[in-house]
Amino acid sequence: EEEAKLQNGGFLPCPPGTAGTALEEPLRSCRLRSEAERRGGAAAGSLPPSRGPGDEAGSRAQAAPGVRTCRGRAEPPAPLGFTDVNLNSRNTYEVSRRRSAPEHLPHGGTAPAAPAPPQEPAERARRAGIAGAGSSFAEFFTRNFFTKRTKELKPAVQSAPGWKLFGKVPPRENLPKDSKIIQQEYEARTGRMYKPPPPSARRKNIEFEPLSTTALILEDRPANLPAKSVEEALRHRQEYDEMVAEAKKREIKEAHKRKKIMRERFKQEENIASAMVIWVNEILPNWEGMRATRRVRELWWQGLPPSVRGKVWSLAVGNELNITPELYEIFLSRAKERWKSFSETSSENDMEDAVASVADREASLELIKLDISRTFPSLYIFQKGGPYHDLLHSVLGAYTCYRPDVGYVQGMSFIAAVLILNLEEADAFIAFANLLNKPCQLAFFRVDHSMMLKYFAAFEVFFEENLPKLFLHFKSYSLTPDIYLIDWIFTLYSKSLPLDLACRVWDVFCRDGEEFLFRTGLGILRLYEDILLQMDFIHIAQFLTKLPEDITSEKLFSCIAAIQMQNSNKKWAQVFASLMKDNKEGDKNHSPALKS
């Protein structure tokens with residue numbers, strides 16, 4: 001028996017018989033349960049009519065050793081021993097499931113059986129101890145086999161220490177605080193009540209409160225540091241309120257600025273829409289009779305609507321050269337033949353000789369490919385593969401064959417690109433050829449030094465008249481106009497200014513002619529006069545070569561309007577004519593940079 005107990009976990013082995021077989025065979029265990037129900041029903045008549053919860057628990061404890069109770073049913077007693085657990089048994093899971101199920105639920109739809117008749121207290125305690133030992137051993141195996149069903153979730157406990165602004169603190173002090181709780185603690189500590197503004201006065205769309213300053217001001221110091229005094233807390237609160245108020249003021253100012261910009265943009269769009277109707281219905285049908293009227297000139301100054309801009313430019317520039325679309329096709333086919341011959345027969349040495357040849361300016365066709373890639377690079381429409389690359393290449397190539405005496409000069413690609421954006425291909429070529437035939441553009445693109453010096457001299461006359469302080473500052477550094485004017489005139493400001501602003505400069509240039517080009521240059525100098533007065537030669541040259549990108553049309557045109565193109569009762573044309581009559585040699589040395 002001792003060896004059997006050791007092999008069976010300290011209990012007597014289950015003898016072969018009814019109880020042991022019942023655990024191995026489910027059908028026989030069910031038959032035993034039905035017999036136990038009949039016995040329980042027979043004993044039910046001797047029980048008292050009413051019982052309490054304690055009586056029911058006591059009746060379960062009075063069960064004989066080996067008797068199993070499942071869902072209120074009593075089963076027949078089994079011989080003493082550990083009969084509830086068998087590692088080879090298929091009913092182990094069923095046993096644990098029945099033991100863990102609620103006892104008030106019926107099994108299989110049958111009514112719960114009555115408990116066993118009451119027994120003596122000593123006998124009840126002895127049997128309860130034996131049953132408890134068996135159940136605990138059974139729970140050990142079921143807990144190992146079925147962990148997921150018996151494992152209980154344990155609440156998460158924050159054992160790691162937290163972090164605060166001034167160091168490491170215990171977890172209980174690291175709990176996040178709501179802003180209302182912080183406010184209440186501050187009011188209770190300082191006795192100062194905070195009255196929020198009325199809902200109507202609050203901004204609905206802007207709520208700003210710096211979190212870092214909140215942590216510095218509203219958080220208490222750790223216990224290892226001295227606490228804030230009342231004066232210090234009040235001072236911190238006042239500084240915090242000032243910071244928040246300043247941030248809100250700044251944000252309100254920016255919001256108003258954005259609203260102002262949007263209002264101006266909407267107003268501008270409305271003006272453009274209304275002006276377009278006037279241009280289409282009234283001015284363009286009667287162009288020759290209305291172009292010089294005061295009303296048309298005022299509309300012209302405000303900017304042309306994009307839908308009629310190309311048409312007005314073509315009419316204003318004119319076609320003195322009498323170029324036709326057929327003539328454009330002839331020179332375009334000639335340019336394509338030259339490109340083909342260059343790609344087939346020319347070498348690098350031949351190209352260098354051709355470019356250096358002044359008699360054959362058509363050789364500059366190869367320079368077009370290099371310059372097109374640098375034309376409005378931010379738009380990505382004129383580079384190779386872009387939608388306007390071939391079109392720009394064709395217009396510039398046709399003009400080079402049309403005017404071999406001029407050829408292609410750097411800067412032409414920007415002028416042709418602006419025309420292509422507003423006109424059809426043939427119309428763009430016609431406007432381009434006639435525009436470069438104007439005296440000012442022809443002098444610059446043919447690099448006529450004497451004519452260029454006359455234009456620079458006329459510009460300096462009005463420069464000194466309108467901006468005397470800046471003029472003397474430039475003179476002190478020997479900063480001549482050719483350093484910054486050549487790039488502006490060669491590209492008609494399309495490279496130096498934003499594209500939309502450059503188009504508006506072109507609008508008035510088509511109205512006023514070459515005079516407005518130099519007036520625009522004086523307007524730019526007036527706009528940045530205060531900045532330029534603080535710069536030296538190098539910084540002035542760099543600044544004027546690359547103007548700021550945030551320049552607006554309103555500011556620039558207000559400065560242009562303030563420039564008076566009149567000197568001693570002489571206008572631009574009169575001043576330039578008087579300079580043309582002066583043939584002194586001293587004028588040739590006016591611009592040393594240009595001479596070099």
>> Please list, ordered by chain and number, the residues whose modelled amide H lies under 5 Å from the amide H of residue 566; skip anything fewer than 5 residues away on the same chain.
In response: none
> What is the local net charge at residue 323, summed over the other residues whose Cβ is closer than 12 Å to its Cβ (Lys, Arg +1; Asp, Glu -1)?
Replying inline: -3
> How big, on average over all directions, is the shadow cast by the Cα convex hull of region 445-585, in nm²?
Replying inline: 8.7
> Roughly how much of residue 331 is accessible, in Å² to the nearest 10, using a 1.4 Å probe?
Replying inline: 40
> Using a simple spin-label model with points 7 Å from Cα along the Cα→Cβ vector, what separation in nm is obtained for residue 551 and residue 450?
Replying inline: 3.3
> When the Kirkwood hydrodynamic radius is evaluated over all pairs of different C-alpha atoms of region 469-538, what value in angstrom, to one decimal, is obtained?
Replying inline: 13.0
> Taking the mean number of other Cβ atoms within 10 Å as a proxy for protection, how do you rank 475-486, 308-319, 501-512 from highest to lowest?
Replying inline: 501-512, 308-319, 475-486
>> Please list 565, 262 from largest to smallest accessible area, probe radius 1.4 Å, with all protein chains kept in place.
In response: 262, 565
> Toward the positive end of the charge dipole of region 445-585, about the Cα centre and with charges on Cβ (Lys, Arg +1; Asp, Glu -1), which of 488, 567, 527 goes farthest?
Replying inline: 567
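May I ask you to rank 375, 324 by accessible area, largest first, using a 1.4 Å probe over the protein chains only? Kindly include the intermediate steps, with their values, before the conclusion.
Details: 375 0, 324 60 Å².
The ranking, largest first, comes out as 324, 375.
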>> From Cα pairs below 8 angstrom and at least 6 apart in sequence, can you work out the relative contact order of region 445-585, rounded to a whole percent?
In response: 34
> For the residue pair residue 340 and residue 469, what label-to-label distance in nm results when each label sits 7 Å from Cα along the Cα-to-beta-carbon direction?
Replying inline: 6.4
> How big is the accessible area of residue 263 in square angstrom, nearest 10, if you roll a 1.4 angstrom probe over the protein chains?
Replying inline: 150
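Work through the residues other than residue 419 whose Cβ is under 13 Å from its Cβ and net out their charges, Lys, Arg +1 and Asp, Glu -1. Intermediate values should be presented prior to the final figure.
Values: positive: 309, 311; negative: 424, 425, 427.
Net of charged neighbours comes to -1.
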> What does the convex hull of the alpha-carbon atoms of region 371-516 project to on average, in nm²?
Replying inline: 9.4
>> Using protein chains only and a probe of 1.4 angstrom, how many square angstrom of residue 293 are accessible, to the nearest 10?
In response: 50
> Peptides 437-444, 452-459, 230-237: what's the order by average Cβ count within 10 Å, highest mean first?
Replying inline: 452-459, 437-444, 230-237
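I'd like to check one number: the per residue accessible area of region 369-507, probe 1.4 Å, reported in Å² as a whole number. Each step should come with its number before you reach the end.
Numbers: 4950 Å² over 139 residues.
For region 369-507, the solvent-accessible area averages 36 Å² per residue.
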>> With the crude spin-label approximation of a point 7 Å out along Cα→Cβ, what separation in nm comes out for residue 302 versus residue 277?
In response: 1.3
> From the residues 497, 547, 472, which one has its Cα farthest along the dipole of region 449-596 in the positive direction, the dipole being from +1 and -1 charges on Cβ of Lys/Arg and Asp/Glu about the Cα centre?
Replying inline: 472
> So what's the Cα pair-distance distribution over region 230-302, bin width 10 Å, in %?
Replying inline: 16, 24, 15, 13, 11, 9, 7, 3, 0
> For residue 573 and residue 533 in the same chain, what is the full-extension length gain: residue separation times 0.36 nm, less their Cα-Cα distance, in nm?
Replying inline: 11.4 nm
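The values are calculated or read from the model by the stated rules, or taken from the named source; none is laboratory data. A quick note: this is a predicted structure, and the numbers were derived from the prediction, not measured. So basically every Cβ, Gly included, is an ideal-geometry build from the backbone, and we count neighbours across all protein chains shown. For accessibility, only protein heavy atoms count, side chains too; no ligands or nucleic acids. Shrake-Rupley method; radii C 1.70, N 1.55, O 1.52, S 1.80 Å.
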